[in-house]
Amino acid sequence: MSKFVSFAKRNSLRFVALVISLIAAVYVASPALSVYAVTYGDIKNSETEEMRLRLEKLKADSAALESKINEAEKSKEDALKCKELYDSMHNVYVEQLSLLEDQRNDLGDELAKCEEDAKTLEAEYEQSYENFLGLLRMTYEEGSSNYLAIILGAEDLGDLLSRVERVSGMIGYNKRLMKRVEKAKTALEAKKAELEESRVKVDEAAAKVNEKEKELEELDAKNEAMLATLEAQIKQDQAAADKLKAERDSANKAFDSLVSQLIAEEAERQRQLEEKLRQERLAEEERKRLELEKAQQEEMERENQTQDYTWPLPTRYRTITSWFNEDRNLQEIGYRDTHGGMDIAAPNRTPIYAVKTGRVILAGVVSGYGNCVMIDHGDGVVSIYGHASQLLCKTGDIVKKGQTIALVGLTGITTGYHLHIEFRKNGKRVEPLNYISIPKG
């Protein structure tokens, strides 16, 4: 049943049409039901049409809600992707800022080294310059005569050569000192230019760092604003999605309720129709049964008008052990009565015959009689057969004269195997010998 309902939920409109078509097909295909043939137009009443329209609307609303939920989920995914992108960009700028900081530090180290080299060159220049000035002062104060006096004051040739070499050395030293001073000045100027260039680089790097820092701050601010917007959007989308889900669940519940109602109503219509057909079949069967019973009764009456009653046992069993209206005192079982029938001795499981054609009005256990058969022969006459070991007919059967209906037994109140045969006329016990005769032997 659950699978059937699940199928109906998924294919409600098609299911309704299918059910209606099947009903129509069954009624058209069955001659016995053709009088109740149902078409789609017969079943498609105003209530069914209203349900169909409501189901279509619910289906459309459900599809719209699903679309909205999908859009909300997509917006949420896009927002998260934007957040990831800004986080990545933020990391890139942080890395760039770190590189610029490293560059700035390197330039700072280079600037410090240039400053140190400049100070060293400045000191060397100052020292060279002082030495040069000292030599100039000495030359100026002593003049050329000093050099001549040095040469003329030689004691011999060796001393002269030594003095000349010394004077030449002093002159060369002065020249070298001047060149060294010039070289130091040139190197100092170059170092200063290098220092200025380094300072420019450091300033440019610092400007870039500051610019990147500003860009990063702006990016951080934008990123934070974007994140806040995205979080708000995600929250709003989630709330919308939850609301849509609740609406969809409500719509599905209403949809399921309508489908179940439609199925239940269709099933009830089917049940009522089937019940009507069943009642009509039963009525028809009862009519036929009554006609058959009437025909059998008429046939039985015709037969009984021309039939005599027969002995209820094989003719060799004709010993009467108890007569009609005989007072009996069965001391062995503590039973005393006036006998209402006639007992005929016979061995166990001897066939018992219907004394005349009739209808079995009882085939079962009766108190005192044990297994018992009662046959209505018409005209108010009923024959009764008691104490049987086995019954071979059932209530409602039409039995013929001489037909075996049971077997002799020892059921009910009895002291030995025998058949208790009893006749009643209009409900009163009567003498069995008025109907049957003891066979002659």
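The values are calculated or read from the model by the stated rules, or taken from the named source; none is laboratory data. The model shown is predicted, which means the values in this text are computed figures rather than measured ones. As a convention, Cβ positions derive from the backbone with ideal geometry for all residues, glycine included, and neighbour counts pool all protein chains shown.
Criterion first (touching a Leu at 6+ places or on another chain (Cβ under 8 Å) and of a type outside the set (D, E, K, R)) does L433 satisfy it? Walk me through how you get there before you give the answer.
Working: touching a Leu at 6+ places or on another chain (Cβ under 8 Å): no; of a type outside the set (D, E, K, R): yes.
Taking the combined requirement at face value, the residue does not satisfy it.
Every residue, every condition in (1) of a type in the set (D, E); (2) assigned by TED's automatic domain parsing to the domain that holds K74; (3) within 20 Å of V94 (Cα to Cα), yes or no:
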site	(1), (2), (3)
S198	no, yes, no
D203	yes, yes, no
M226	no, yes, yes
A241	no, yes, no
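Can you find even one residue in segment 322-330 that is more than 30 Å from S75 (Cα to Cα), surrounded by fewer than 13 Cβ atoms within 10 Å (Cβ to Cβ) and at pLDDT 80 or above? Yes, the conditions are met somewhere in segment 322-330.
Pairing each residue of segment 289-300 that is within 16 Å of V399 (Cβ to Cβ) and part of a helix (DSSP H, G or I) with any residue that is modelled with pLDDT of 70 or more and of a type in the set (V, I, T), provided the two are 6+ apart or on different chains, yields C-beta distances under 7 Å for Q296/I398; M300/T357; M300/I398.
Hey, any hits in segment 378-393 for a residue that's within 60 Å of the chain's Cα centre (by Cα) and more than 15 Å from Y309 (Cα to Cα)?
Residues of segment 378-393 that are within 60 Å of the chain's Cα centre (by Cα), as a first pass: 393.
Pick out the ones that are also more than 15 Å from Y309 (Cα to Cα) and you get 393.
Checking segment 378-393: at least one residue is within 60 Å of the chain's Cα centre (by Cα) and more than 15 Å from Y309 (Cα to Cα).
The residues listed here are L160, L133; of these, the one that is in a helix (DSSP H, G or I) and either under 25 Å from E197 (Cβ atoms) or modelled with pLDDT of 70 or more (or both) is L160.
Among the candidates A283, A264, A254, which residue alone is under 27 Å from the mean Cα position of the chain (by Cα), modelled with pLDDT of 85 or more and in a helix (DSSP H, G or I)? First the steps, then the outcome.
Details: A283 fails: under 27 Å from the mean Cα position of the chain (by Cα); A254 fails: modelled with pLDDT of 85 or more.
Within the list A283, A264, A254, the selection yields A264.
Residues in segment 209-243 that are surrounded by 13 or more Cβ atoms within 10 Å (Cβ to Cβ), acidic (D, E) and at pLDDT 80 or above: E215 only.
Only one of the numbered conditions (1) modelled with pLDDT of 95 or more; (2) of a type in the set (D, E, K, R); (3) over 18 Å from G427 (Cα atoms) is not met by E303, and that is (1). Scanning segment 64-78 for residues that are loosely packed, with under 14 Cβ neighbours inside 10 Å and either outside the structural domain of N252 (by TED's automatic domain parsing) or in contact (Cβ under 8 Å) with a residue 60 or more places away in the chain (or both) returns E66, E73.
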